[in-house]
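Colleague: Below: one structure in structure tokens.
The values are calculated or read from the model by the stated rules, or taken from the named source; none is laboratory data. It should be emphasised that the depicted structure is a prediction, and the values quoted were computed from it without experimental measurement. As a convention, Cβ positions derive from the backbone with ideal geometry for all residues, glycine included, and neighbour counts pool all protein chains shown. All accessible areas refer to the heavy atoms of the entire protein, side chains included, with ligands and DNA or RNA removed. Shrake-Rupley method; radii C 1.70, N 1.55, O 1.52, S 1.80 Å.
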Amino acid sequence: MARYLTITLEKRGVTALAVLLDDAAPRTCAAVWEALPQSGQVYHGKYARNEIYHLVPAFASVEPGKENTTVTPIPGDVCYFSFDSDDLGNPAYGYEQEADVRAPEPAGAKAIIDLAVFYGRNNLLINGDQGWVPGNVFATIVEGLDELAQACQSIWMDGARGEKLTFARSHQD
């Protein structure tokens, strides 16, 4: 039986429905599903192009690793990225202190998970400082992509401050 999640921009009141790709990315789907709901400050992609995402502390008991990866996500792809604070802790990336993205702790770098939604075409996951950044495609939007894309354009043009991106379980059939 298919499993679904909702993707919501809280302030803008827009929700899309995505189906988990359990056959293509079983480890990632399991890790994300067990950790839902996840909510946080939304950001609009600087490098990838038509992307919104949020950053949360690592939640999987075992990192799922690479599966069903892409560097060219298409509209409706929902991706999982794993970084450490060395990757994102540089002040040049522009994250505020509240984003919980900081320098490594003495025992090692803190894992950070990026849950991302791609809403338009011509995306390319390359970062000028790090090179290619493959993401695990673990879900695809099946309802509400057009409305979500309009709200994402509003984030790009009007700003993201105060907007939360929430991923939650849906019990759609």
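Colleague: Which residues, taken from the range 148-173, are touching a Ser or Thr at 6+ places or on another chain (Cβ under 9 Å) and assigned to a helix (DSSP H, G or I)?
Modeller: Residue satisfying the conditions is L148 alone.
Colleague: Give the range 11-36 a look and list any residue that's under 19 Å from V142 (Cα atoms), open to solvent by 70 Å² or more (accessible area, probe 1.4 Å) and outside any strand (DSSP E or B), or say none.
Modeller: D23
Colleague: Also: Run down A60, A48, A2 and say which single residue is open to solvent by less than 60 Å² (accessible area, probe 1.4 Å), touching a Leu at 6+ places or on another chain (Cβ under 9 Å), within 19 Å of I112 (Cβ to Cβ) and assigned to a loop (DSSP other than H, G, I, E, B).
Modeller: After ruling out the rest, the residue left standing is A48.
Colleague: Condition check: in contact with a Pro (Cβ under 7 Å, 6 or more places away or on another chain), among the aliphatic types (A, V, I, L, M) and in a strand (DSSP E or B). Does V137 satisfy that?
Modeller: yes
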